[in-house]
Amino acid sequence: MTTRPILTVQDLSVVFPDSNGGLRALEDISFEVCPREFICFLGPSGSGKTTLLRAVANLLQPTTGRVHFIHHQHPKIGMVFQQASLMPWRSALDNIKLPLELEGLGESKARKKALEMIELVGLQGFEDSWPRDLSGGMAQRVGIARALIHDPDLLLLDEPFASLDALTRERMWTELSRIWQARQKTVIMVTHSINESLFLADRVLVLTQRPGKIKLDVEVDLPRPRKDDIRYTPHFGKLARKLREAIE
C-alpha cells in the first residue's frame, strides 16, 4: 500500500446552530487516507461518525477545517447507508444500474455492468427480484453493488449492517471483505462494533463522546484475506481490548 494519501482531512470541526450557542458535533478532526485503504471510525452514539461521513461526501459543509482530495477536484463517491433505500418499483438489477442511467450510459452497457456487479456481490439468480422479496443482507448487497457500479474513488459506509440480525451481520462482514479484496476500493466506514471494525479495517480510528475527537488510531495488523476464525485468535482479542479501553 502506498504511503501517499489520496484524501486529507485537516482540523475539521462541525457545529450545528441551536438556542444554546451551537451543538459541537466534531472538533479538530485530522487524518489521511491512502489508496485502497479500508478505514473504520469507531465510537459511541452521538460521537459524530455519520456527520464526519457527510462532511467527507460534501453533503455537509464543515464549520472549520477542510476535506481535500488530492489529484481529484471532483471525486466520484459511493455511499451505502444503514438502510438499503432501494426503489421498491425497480428490480435488484434495475436498482443497481440506476447510477449509470443517471449518467446517461446506454442500456446495454449499463445492464452489462449491473450483471457484473450482481456476480461480484453473489446475487446471481436474484436479478429480477423485487426489494420486498430480498432479505436484509441481500438488500444491502444490492446497495453495495449500486454504490460500486460507477467505479467510485471513495466508498463511504454508514453502519451498513446495523439493522441486520447478528448472524447475518457476521456473514456480511465476510462478504464485504471479499468484495473489497476483489475491487480494492478506498473505504471509510463507521460502526459501533469493535469486532466489525477489526475484521474489516486496515486502521481503526476511535472517536470520543461529543464533540467527537480522534482518541486513538490503531493499525490492524491482521493477515488478509480474513476468515471468521480470526476473531478467536489472541492478537484479535488484544486489539479488541485496546479499542474497548479507548471507548470506555
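The values are calculated or read from the model by the stated rules, or taken from the named source; none is laboratory data. What you are looking at is a predicted structure, and each value in this text was computed from that prediction instead of being measured. All Cβ positions, even for glycine, are placed from backbone atoms using ideal geometry, and neighbour counts span all protein chains on display.
So here's what we get for this one:
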item	result
Criterion violated by PRO99 - all others in (1) more than 29 Å from ALA246 (Cβ to Cβ); (2) in a loop (DSSP other than H, G, I, E, B); (3) not basic (Lys, Arg) satisfied	(2)
Criterion (touching a residue at least 60 places away in the same chain (Cβ under 8 Å), more than 20 Å from GLY78 (Cα to Cα), buried (at least 17 other Cβ atoms within 10 Å of the Cβ) and touching a helix residue (DSSP H, G or I) at 6+ places or on another chain (Cβ under 7 Å)) met by exactly one of LEU134, LEU164, LEU148, LEU207	LEU207
Count - residues of segment 190-216 that are under 14 Å from GLY43 (Cβ atoms) and touching a Phe, Trp or Tyr at 6+ places or on another chain (Cβ under 7 Å)	6
Positions within segment 7-24 being among the β-branched types (Val, Ile, Thr) and either free of Cβ contacts under 8 Å to residues at least 60 places away in the same chain or assigned to a loop (DSSP other than H, G, I, E, B) (or both), in sequence order	VAL9, VAL14, VAL15
Condition met for SER47 (in a loop (DSSP other than H, G, I, E, B), surrounded by fewer than 20 Cβ atoms within 10 Å (Cβ to Cβ) and among the hydroxyl-bearing types (Ser, Thr, Tyr))	no
Residue that is nearest to ARG203 (Cα to Cα), among those in segment 13-32 that are among the aliphatic types (A, V, I, L, M) and surrounded by fewer than 22 Cβ atoms within 10 Å (Cβ to Cβ)	VAL15
Qualifying residue in segment 43-56 (condition: in contact with a Leu (Cβ under 8 Å, 6 or more places away or on another chain) and without any contact (Cβ under 8 Å) to a residue 24 or more places away in the chain)	yes
Close pairs (8 angstrom Cβ cut-off, 6 or more residues apart or separate chains): more than 20 Å from PRO35 (Cβ to Cβ) and surrounded by 13 or more Cβ atoms within 10 Å (Cβ to Cβ) in segment 59-83, at pLDDT 90 or above and of a type in the set (S, T, N, Q) anywhere	LEU60/THR51; PRO62/SER13; THR63/SER13; THR64/SER13; GLY65/GLN10; GLY65/SER13; GLY65/SER30
Hits in segment 210-243 - residues which are under 23 Å from THR168 (Cα atoms) and either touching a residue at least 12 places away in the same chain (Cβ under 8 Å) or acidic (Asp, Glu) (or both)	LEU222, ARG224, PRO225, ARG226, LYS227, ASP228, ASP229, ILE230, ARG231, PHE236, ALA240
The listed residue being in contact with a His (Cβ under 9 Å, 6 or more places away or on another chain) and either modelled with pLDDT of 90 or more or on the phi < 0 side of the Ramachandran plot (or both), out of ILE6, ILE29, ILE70	ILE6
Positions within segment 64-94 being among the small types (Gly, Ala, Ser) and part of a helix (DSSP H, G or I), in sequence order	ALA92
Given (1) over 22 Å from the mean Cα position of the chain (by Cα); (2) surrounded by 17 or more Cβ atoms within 10 Å (Cβ to Cβ); (3) in a loop (DSSP other than H, G, I, E, B), number of the condition ASP128 does not satisfy	(2)
Selection within segment 189-248 - within 25 Å of PHE16 (Cβ to Cβ), of a type in the set (S, T, N, Q) and assigned to a loop (DSSP other than H, G, I, E, B)	THR208, GLN209
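Results for (1) farther than 29 Å from LEU98 by Cβ; (2) of a type in the set (A, V, I, L, M); (3) free of Cβ contacts under 8 Å to residues at least 60 places away in the same chain; (4) outside any strand (DSSP E or B), shown as yes or no for each residue.
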{"site": "PRO5", "(1), (2), (3), (4)": "yes, no, no, yes"}
{"site": "LEU26", "(1), (2), (3), (4)": "yes, yes, no, no"}
{"site": "PHE31", "(1), (2), (3), (4)": "yes, no, no, no"}
{"site": "CYS40", "(1), (2), (3), (4)": "no, no, no, no"}
